[in-house]
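Each remark here refers to the structure printed beneath this line.
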Amino acid sequence: MDQKSKSESSQIKSRKRVSDHGEVFTNPREVNAMLDLVKDETENIYSRFLEPACGDGNFLCEILRRKLSVCASKVKSGAYSQLDYEKDAVISVSSIYGIEILQDNVLQCRDRLLELFYAEYKKIYGSKVKPECIDGVKFLLSKNIIWGDALSYRLVSDPTQWIIISEWSPLAAGKINRRDYEFSYLVRENSNAMPGLFSDEPLKAYPPVYFLNLSDAYEKD
């Protein structure tokens, strides 16, 4: 297989998927070149990214890798304790959103992001990895990587339901605040959204939760 054929094979899963859904994946070189245009933001753990057709996560994985690298560098410099790293690493995950119309891509994207998080976390702390931290990240990914149609603003699994985006905001003492909004607020030209990423009219607001208790706090959500 020549170099061009290898490149093409890494960008598509099947020609039928290209025909039916226009699915073509972006190569790592292009992913990095595009993200370098907003390099400072990709290295800011608080900067939010939403990809409305995220595929299996090429862009989102690279964004998370960059954010976690910033967290790891602070550990190496002696500026972070393990708890500091875990808190900011969880915040990094909470800042990444994806919407994808194909269910298999959604599941793969969640798995890739979780595997990346676990690998980077274990690389630093080995056997000291906390299961509750991994569970919290798994929960965040279940909410932030959404099986939906970004053009209709609706869930694929139930087209009568709007896509809901959860905003996760860090508070003092390691707590995280959650507020849920309709995705349509972010993109409709005629929406009542205020300037900025989210409308100031949440569908639901939740009590603050300690970042290591996210999974247990929202177990029935």
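Taken over the range 74-94, the residue count meeting the criterion of being buried (at least 22 other Cβ atoms within 10 Å of the Cβ) and among the polar types (S, T, N, Q) is 2.
Conditions tested, residue by residue: (1) farther than 18 Å from residue 49 by Cα; (2) among the polar types (S, T, N, Q); (3) touching a Phe, Trp or Tyr at 6+ places or on another chain (Cβ under 8 Å).
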| site | (1), (2), (3) |
| --- | --- |
| 113 | no, no, no |
| 149 | no, no, no |
| 165 | no, no, yes |
| 169 | no, yes, no |
| 178 | no, no, yes |
| 181 | no, no, yes |
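A single entry from 165, 134 fulfils the requirement of being under 25 Å from residue 44 (Cβ atoms) and not in a helix (DSSP H, G or I): 165.
When the range 29-47 is filtered for residues that are open to solvent by 20 Å² or more (accessible area, probe 1.4 Å) and hydrophobic (A, V, I, L, M, F, W, C), the ones remaining, listed by number, are 33, 34, 37, 38.
For (1) among the small types (Gly, Ala, Ser); (2) crowded, with 19+ Cβ neighbours inside 10 Å, each residue gets a yes or a no:
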residue: 110; (1), (2): no, yes
residue: 115; (1), (2): no, no
residue: 125; (1), (2): no, no
residue: 131; (1), (2): no, no
residue: 136; (1), (2): yes, yes
residue: 140; (1), (2): no, yes
residue: 165; (1), (2): no, yes
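When the residues of the range 142-163 are filtered to those that are β-branched (Val, Ile, Thr) and open to solvent by less than 20 Å² (accessible area, probe 1.4 Å), the one that is nearest to residue 61 (Cα to Cα) is 145. Filtered by the rule that a residue be polar (S, T, N, Q), crowded, with 16+ Cβ neighbours inside 10 Å and at pLDDT 75 or above, the range 168-212 gives a lone residue, 184. Residues considered: 64, 60, 50. Of these, the only one that is within 28 Å of residue 182 (Cα to Cα) and open to solvent by 30 Å² or more (accessible area, probe 1.4 Å) is 50. For the range 33-48, the criterion of a residue being among the acidic types (Asp, Glu) and in contact with a Gly (Cβ under 9 Å, 6 or more places away or on another chain) is satisfied by no position.
Selection within the range 96-124: residues that are free of Cβ contacts under 8 Å to residues at least 60 places away in the same chain and aromatic (Phe, Trp, Tyr). The member of this set that is nearest to residue 56 (Cα to Cα) is 117.
Screening residue 19 against (1) at pLDDT below 95; (2) touching an Asp or Glu at 6+ places or on another chain (Cβ under 9 Å) leaves a single unmet condition, (2).
The values are calculated or read from the model by the stated rules, or taken from the named source; none is laboratory data. Worth saying up front: this structure is predicted, and the values here are computed from it rather than measured. Note that we place each Cβ from the backbone using ideal geometry, even for glycine, and neighbour counts take in every protein chain shown. Areas reflect the complete protein model, heavy atoms only, side chains present, ligands, DNA and RNA absent. Shrake-Rupley method; radii C 1.70, N 1.55, O 1.52, S 1.80 Å.
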